[in-house]
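S.K.: Take a look at this one; I'll ask things after.
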């Protein structure tokens, strides 16, 4: 046994100090391996939970996993990296399975009562009537730019352009209005 795993016999006998030294010595290696696996999946925030899961795995069933470690086959850090990678992959699979479970549910099970948004009153003269029509078709009638363009007899790109210009005008108007009300 190397210096890295000198505490293993004591740890396996239940020595709390040996466990604490083991955790302090190897937590960074485990954390690094977990992060390398979770980061590309955009799940870096889950790293601490997965590291905790690794340590739970190591302790389960009277340290069965740790008892199976063979220092002739690999260094303890290499072996822990493999365990950490496996735990991270398992975590990602569980998340994927949970997502698939939701996707397979009937929509009625997942339905929530719709919240009706407040209708914003657009003051006269801020946007043109055509821009107002674009907003009506896109937001209140839930049309795509292509569908709105067909209704208006214009190209979908024209609808997107009018939409953009209308939002820009409304943003300027409401920001100015908010600035005035804050001064009062």
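S.K.: Residue 6 to residue 72: extension gain in nm, 0.36 nm per residue of separation minus the Cα-Cα distance?
M.R.: Net length gain for the segment: 22.4 nm.
S.K.: Sort 159, 23 by Cβ crowding within 10 Å, fewest neighbours at the top.
M.R.: Ascending Cβ contact count within 10 Å gives the list 23, 159.
S.K.: I would also like to ask the following. Where the centre of each part is set by its Cα atoms, how far does the range 130-170 sit from the range 1-78, in angstrom?
M.R.: Using only Cα atoms to place each centre, the spacing works out to 58 Å.
S.K.: Something else about it: Taking the number of other C-beta atoms within 10 Å as the exposure measure, put 26, 163 in order starting with the fewest.
M.R.: 163, 26
S.K.: Turning to a different aspect of this structure: Once the Cβ-Cβ distance between residue 176 and residue 141 is put in as r, and R0 is 30 Å, what FRET efficiency do you end up with, to the nearest 0.05?
M.R.: Efficiency for this residue pair is about 0.55.
S.K.: Arrange 155, 70, 7 by Cβ neighbour counts within 10 Å, fewest through most, would you?
M.R.: 70, 155, 7
Any read-out appearing in this document is the output of simple, stated calculations on the displayed coordinates, not a laboratory observation. Nothing here was measured: the structure is a model prediction, and the numbers come from that model. Here the Cβ is made from the backbone with ideal geometry for all residues, glycine too, and neighbour counts use every protein chain on show.
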